[in-house]
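Input: a single structure, listed below in structure tokens.
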Amino acid sequence: MIRIAAMALATAMGCRDSSAAPADDTTAAIKVVRVATGLSSPLYLTAPAGDARLFVVEQPGRIRVIKNGQLLATPYLDIRGKLTSGGERGLLGLAFHPNFASNGFFYVNYTDLRGNTKIERYHATPSSDVADASSGTTILGFDQPYANHNGGMVLFGPDGMLWIGTGDGGSGGDPQGNGQKLGTLLGKMLRIDVDRGTPYAIPSDNPFVGQSGARGEIWAYGLRNPWRYAFGDGLLYIADVGQNQWEEVNVVAASRPRVNYGWNMMEGKHCYASASCAQSGLELPVLEYGHNDGCSITGGFVYRGSAIPALRGHYFYSDYCTGFLRSFRYANGAATDMREWKVGSLGAVLSFGMDAAGEMYILSDNGNVYRITAT
């Protein structure tokens, strides 16, 4: 997630970026429009299918509603008393069930009072602007050995499964080696079925089902701290925050299991903590940039809205320190059409969001929510 101290580190590192620099798109017909302000560390934005409202996650433990262009005063959900917030902890993720309109279920990811990860399901009357705060049911929980690298995103995939991105457990350099251990849920992409089982079922096509010493929830491994991931056109995009030198974006087929993204053997396309390393079987990123260009990647989404047809298929991302707005298209196994969009100052970009119509939003530490729109 976000690393406050990384701003100074990024200045000190001075690493060179091995990826081609995006073209400055000074004539691009896009801009950002502020749609809400006054939020407290807004970390995510989403909406149920077919719902015109926007739901914004605040790190201290509230979900806020933007309705008809107005930020409602009463929170949709307030669980501040159940969690630890600050640094990389807090309320970190929100996902509405694909059938929310009929079952009223939504899921949150937060760090509890002990700093451990908790995935809970809540219920709301679908049309209500306030959820039932007493309806929380624990779906999954696991310990966090350190205060950082909690991951935190929850997202329903096109397959109807709930995907959960987890960090390596924290500290620096993955001292416990969790990224490569299949017996822990840390440093992984998890995939579970919340419509079956109590409280969930493990899909039979998960790659490590039945393997001795491995957790069946695991879909992929070797992640450091996936700070936002997305599905688009049958692909899974993961923005993984780097350690000392490299930030990265990985893209693979969403149906491809057992992917090893390489941490902590690799940082980006480079061996970590050694001059050489065995890279056979590892998935290298399609894009990386060095810490001369930022400090902590903030992953976004593949644009699929209708307001700006020229952007369809572009995957957007930013950086917490430098606040740029960049995108690329994925084609033939590579990042292509790389662009940097000149939209003015965004502050420190905490996250992206997407509404029910596929339009994209940017969330900043200045408390603002911006919508990407045509000029």
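Laboratory data are not the source of any read-out in this text; all were calculated from the coordinates shown. Because the structure is a prediction, the values reported are computed rather than measured. Reconstructed Cβ throughout: ideal geometry from the backbone, glycine too, with neighbour counts over all protein chains shown.
Just a few scattered comments:
- The strands (runs of 3 or more DSSP E) found wholly in region 267-375 and carrying at least 2 residues that are among the small types (Gly, Ala, Ser) occupy 297-302, 326-331, 334-341, 349-354.
- Count of residues meeting criterion [crowded, with 19+ Cβ neighbours inside 10 Å, of a type outside the set (D, E, K, R) and in a strand (DSSP E or B)] in region 88-136: 16
- Among the criteria (1) at positive phi; (2) in contact (Cβ under 8 Å) with a residue 60 or more places away in the chain, the one Leu350 does not fulfil is (1).
- Tallying residues that are within 17 Å of Val154 (Cα to Cα) and either within 22 Å of the chain's Cα centre (by Cα) or not aliphatic (A, V, I, L, M) (or both) within region 192-201 yields 6.
- Of all residues in region 327-348, those being in contact with a Phe, Trp or Tyr (Cβ under 8 Å, 6 or more places away or on another chain) and over 12 Å from Ile372 (Cα atoms) number 11.
- Within region 143-166, the set of residues being over 15 Å from Arg191 (Cα atoms) and either β-branched (Val, Ile, Thr) or under 19 Å from the mean Cα position of the chain (by Cα) (or both) comprises Gln144, Ala147, Asn148, His149, Asn150.
- Residue within region 146-154 that is touching a residue at least 12 places away in the same chain (Cβ under 8 Å), crowded, with 20+ Cβ neighbours inside 10 Å, outside any loop (DSSP other than H, G, I, E, B) and not β-branched (Val, Ile, Thr) present: no
- When residues of region 34-60 are limited to those that are charged (D, E, K, R) and surrounded by fewer than 20 Cβ atoms within 10 Å (Cβ to Cβ), the one nearest to Asp129 (Cα to Cα): Arg53
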